[in-house]
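The values are calculated or read from the model by the stated rules, or taken from the named source; none is laboratory data. Fair warning: this is a prediction, and the values are worked out from it, not measured in the lab. Here the Cβ positions follow ideal geometry from the backbone for every residue, glycine too, while neighbour counts run over all protein chains shown. We work out accessible area using only protein heavy atoms, side chains counted, and drop any ligands, DNA or RNA first. Shrake-Rupley method; radii C 1.70, N 1.55, O 1.52, S 1.80 Å.
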Amino acid sequence: MELLLRRTNKLTEGLLYMSGLLFCDTLEDKWRDLTKEKKVPGETCIPAGRYRVIMDYSNRFKRVMPHILDVPNFKGVRIHAGNTRADTEGCILLGSYGQEGMVIESKVTTDRFNALITDVLDNGEDIWITVDEKWIN
């Protein structure tokens, strides 16, 4: 399965597509041009690229959840529920936009996402996410 995260601005809000279909809104930490400035730990979104996604146990969250692998200069990048950038440290939050810098219905959206990708993985298919920085204001 192919996931696509299209960022809509540098704050960083975006749209998540599953197999070409819009699934939900996303929220991440601030975008930084890592070729020109340093990553600020816990305050920087992951760089554009294509990454494998698995489901595994998170020691931090104490449950099985999506894990984005091999992100340069990042460890433990997850896709999870949350409402504001204060709820993410480089991870991707799922939900519906409530207002600028906030997603709502995050737990319901994330639970639905987790069920869908678990089914895909259980069927032996790999999951990849492409993070695109072609801003789509």
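Annotations for the structure displayed:
- The residue among S96, G82, S58 whose Cα reaches farthest toward the positive pole of the charge dipole of segment 1-109, with charges on the beta-carbon of Lys, Arg, Asp and Glu, is S58.
- When Rg and the Kirkwood Rh are both derived from Cα coordinates, the Rg/Rh ratio for segment 92-137 amounts to 1.07.
- Distance from the Cα centroid of segment 19-35 to that of segment 92-110 is 12 Å (rounded to whole angstrom).
- Site pair N9 and K36 shows an inter-label distance of 1.9 nm when each label is modelled 7 Å from Cα along Cα→Cβ.
- Overall form of segment 1-65 per C-alpha gyration tensor (a/c, 1.5; a/b vs b/c): oblate
- In the chain, the DSSP-assigned H stretches of four residues or longer account for a calculated mean residue ellipticity at 222 nm of -4000 deg cm²/dmol, using -39500 (n - 2.57) per stretch and the full residue count as denominator.
- Accessible area in square angstrom per residue, the chain, 1.4 angstrom probe: 53 Å²
- Set K39/K75; K30/K62; K39/K107; K30/K75; K36/K134; K62/K134 screened for pairs whose C-alpha atoms are more than 23 Å apart: K30/K62; K39/K107; K62/K134
- Distance distribution P(r), the chain, all Cα-Cα pairs, bin width 10 angstrom from 0: 13, 48, 35, 5, 0 percent.
- Segment 2-72: GluC sites (Glu not before Pro) in DSSP loop, at most 10 other beta carbons within 10 Å: E37
- Relative contact order, percent, segment 55-129 [alpha-carbon distance under 8 Å, six or more residues apart]: 19 percent
- Looking at segment 1-40, the trypsin sites (Lys or Arg not before Pro) that sit in a DSSP loop and have at most 11 other Cβ atoms within 10 Å of their own Cβ are K36, K38.
- Annotation: S96 carries an accessible surface of approximately 40 Å², with a 1.4 Å probe and no ligand, DNA or RNA atoms counted.
- Sulfur and carbon atoms: percent of accessible area, the chain [1.4 Å]: 51 percent
- Reciprocal mean inverse distance between Cα atoms of segment 40-110 - Kirkwood radius, Å: 12.7 Å
- With the simple spin-label model, which puts each label point 7 Å out from Cα in the Cβ direction, the L69 to V108 separation comes to 3.3 nm.
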